[in-house]
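What follows is a set of notes on a single structure, which appears directly below.
The values are calculated or read from the model by the stated rules, or taken from the named source; none is laboratory data. Bear in mind that the values here come from a model prediction, so they are computed numbers and not experimental data. We place every Cβ from the backbone using ideal geometry, glycine too, and count neighbours over all the protein chains shown. Each accessible area value is taken on the protein alone, full model and side chains, heavy atoms only, with ligands, DNA and RNA left out. Shrake-Rupley method; radii C 1.70, N 1.55, O 1.52, S 1.80 Å.
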Amino acid sequence: MRKSTVLFLALIAVPSTVTACEGDCIVGITRAFIGNYSEPVEHVMMTVASQISHFVPGSPTPESAMEFLQPITNAYSSSSYDGMERAIFPNFFHGKCLDDNGVEPDGCPNPDCPLVCGTPGSLVHFYSKLRYIAFNQTRHLLKDLSTPGSDTYNQVERAVIRRENRKTRKRTTVNRSGFSTVALPTKRSEDEVKKKLKNVMRNVPTWIEQVCGGSGSGDTNDLPQCNWEREMKEYILTFP
């Protein structure tokens, strides 16, 4: 994961000049975190697909079961940038680095600014908070998209039920007269599949935490696999 992160950051163009963290700086840092999380998110989605493959008729492979999750993965891809940018800028990091007397302290804007503001030095100084914001935004987005009742969840459920019904119709039995009959899908089988799907989806927030190195208990103070501190600090400070 760390190697792929370095490669991702190296592909982002660094602007020659920028005032504080705005423009290309905001775009670059937002994209960097989304790129960093691409592998953990993919791992979680593959885990979901693997679980679904156990109870979907025909026992599809986890790779083929990923097709059921396209509504979620597509929605994540289309909405992850805007949500991540807002969570970081301006919801937390914004404004000039001036103290109560209107003076810019030492280390501001770079390389290490002890005030919460909108400069690279502030992002570096408060990197533990920045890292948590990026994780929390990713977790909440995945949770929202996989929550029963959401548009994306309902689309996944319909796709799974269609597969259940299609496979059920193809099953045949032999009656006493020797004729083959088609077993129609039952409400009970649909309800069982829906229940199993809900049980799988409710684990998505826990799984992204575990992939990041957490215990899954909700304590996100230490997520070593989703830290990227050295690489991200170096990248952030490429913006003047």
Is there a residue being modelled with pLDDT under 90 and out of contact with any strand residue (DSSP E or B) (no Cβ under 6 Å at 6 or more places or on another chain) anywhere in the stretch 109-119? yes
Filtering the stretch 196-240 down to residues that are open to solvent by 60 Å² or more (accessible area, probe 1.4 Å), charged (D, E, K, R) and under 28 Å from SER53 (Cβ atoms) yields LYS196, LYS198, ARG202
Output for Cβ contacts, cut-off 9 Å, separation at least six or different chains, first residue in contact (Cβ under 8 Å) with a residue 24 or more places away in the chain in the stretch 84-95, second open to solvent by 80 Å² or more (accessible area, probe 1.4 Å) and part of a helix (DSSP H, G or I), reads MET84/ARG31; ALA87/HIS140
Kindly evaluate ARG188 against the criterion of being surrounded by fewer than 17 Cβ atoms within 10 Å (Cβ to Cβ) and at pLDDT below 95.
yes
Exercise. Taking GLY28 as the residue in question, decide whether it is surrounded by 16 or more Cβ atoms within 10 Å (Cβ to Cβ), under 17 Å from the mean Cα position of the chain (by Cα) and not basic (Lys, Arg).
Key: no
Taking the stretch 72-91 and keeping residues closer than 24 Å to CYS21 by Cα and touching a Phe, Trp or Tyr at 6+ places or on another chain (Cβ under 9 Å) leaves SER80, MET84, ILE88
